[in-house]
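So the structure is just underneath, and the comments pick up after that.
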Amino acid sequence: MSKRHSAKYKIDRAMGENLWGRSKSPVNKRSYGPGQHGQRRKSKVSDFGLQLKAKQKLKGYYGNITEKQFAKTYDEAARRKGNTSENLIGLLESRLDAIVYRAKFVPTVWAARQFVNHGHVLVNGKKVDIASYRVKPEDVVTVKEKSRNMALVLEAQQSSERDVPDYLELSDRSFSVRYVRVPELSDVPYAVKMEPNLVVEYYAS
C-alpha cells in the first residue's frame with residue numbers, strides 16, 4: 001500500500017492555494033511554492049500544465065488517493081452516462097473517507113482515511129474499514145459508540161472551519177449521517193476552485 005510521506009500541507013504551497021481552508025495552512029503566511037526555487041518568477045503555463053495542475057489539485061484534496069486509484073475513478077466517470085466531470089466529483093464524494101470528513105467526524109482528509117482503516121466506522125450498522133468504499137444514497141454512516149469520545153472526533157465536531165453540506169443529513173447527536181444524494185460540483189464545499197473539466201481534458205488528451 002502506498003503512503004503519502006511528505007508533509008500534509010506541502011501540496012498547499014505547491015499549488016499556491018489553501019486547499020482545505022484551514023488556518024494552519026502555510027499558504028496563509030507564504031503563498032510561494034516550496035523549496036529553494038519557490039520564489040522564482042512564474043512563467044506562462046501551457047494548456048497541459050493547467051490540466052495537470054487541476055488534476056494534481058483535485059487528487060491531492062482527497063488525501064492519499066494514488067495516481068492509479070484516481071485514474072481508475074476517472075475511467076469509471078467516463079464510462080457512466082452524463083457529464084464526465086460531474087460524474088468524477090460524485091464518485092470522489094461518495095468515498096467513505098470523504099463522507100467521514102464531510103460529516104465532521106474527523107478534522108482532516110488524512111485522519112478520515114486512518115479513522116476508517118482502523119475500524120471506527122459503520123455503514124448501515126456493519127463495520128467497513130475500506131476508505132475507498134463507495135457509499136450509496138440513503139446509506140447511513142455511523143461512528144462506533146466506543147470511538148465517539150476520541151480527541152480527534154471531538155476536535156472536528158467543535159471546529160468552525162467548515163460546515164456539513166446539505167447532501168448529508170446529520171443525526172441529532174452528530175455521530176451518524178445519512179448520505180442523501182450524490183452531489184454535483186456546485187454542491188461541494190471546496191475551499192478553492194476545482195476544475196474537473198480540465199481533469200477530463202488531461203485524461204482525454
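The values are calculated or read from the model by the stated rules, or taken from the named source; none is laboratory data. Just so it is clear, the structure is predicted and the values come from calculations on it, not from any experiment. Every residue, glycine as well, gets a Cβ built from its backbone with ideal geometry; the counts of neighbours run over all protein chains shown. In case anyone asks, the SASA skips ligands and DNA or RNA and just uses the protein heavy atoms, side chains included. Shrake-Rupley method; radii C 1.70, N 1.55, O 1.52, S 1.80 Å.
Data overview
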item: Solvent-accessible ranking of K53, K104, K44, largest area first, probe 1.4 Å; result: K44, K53, K104
item: Nearest-0.05 FRET efficiency for D129 and T66, computed from C-beta distance (R0 22 Å); result: 0.75
item: Two-decimal Rg/Rh across segment 143-191, once Rg and the Kirkwood Rh are taken from alpha-carbon atoms; result: 1.00
item: Protection proxy ranking, peptides 127-135, 105-113, average beta carbon neighbours within 10 Å, highest first; result: 105-113, 127-135
item: Most to least packed among 145-152, 119-126 [average Cβ atoms within 10 Å]; result: 119-126, 145-152
item: Heavy atoms of S176 accessible to a 1.4 Å probe, total area in Å² rounded to 10; result: 30
item: Solvent-accessible ranking of V45, V192, largest area first, probe 1.4 Å; result: V45, V192
item: Solvent-accessible ranking of K144, K193, largest area first, probe 1.4 Å; result: K193, K144
item: Rg(Cα)/(2.2 N^0.38 Å) for segment 76-205, N = residue count; result: 1.07
item: Pairs from K104/K126; K136/K193; K57/K144 whose Cα-Cα separation, in the structure shown, is over 22 Å; result: K136/K193; K57/K144
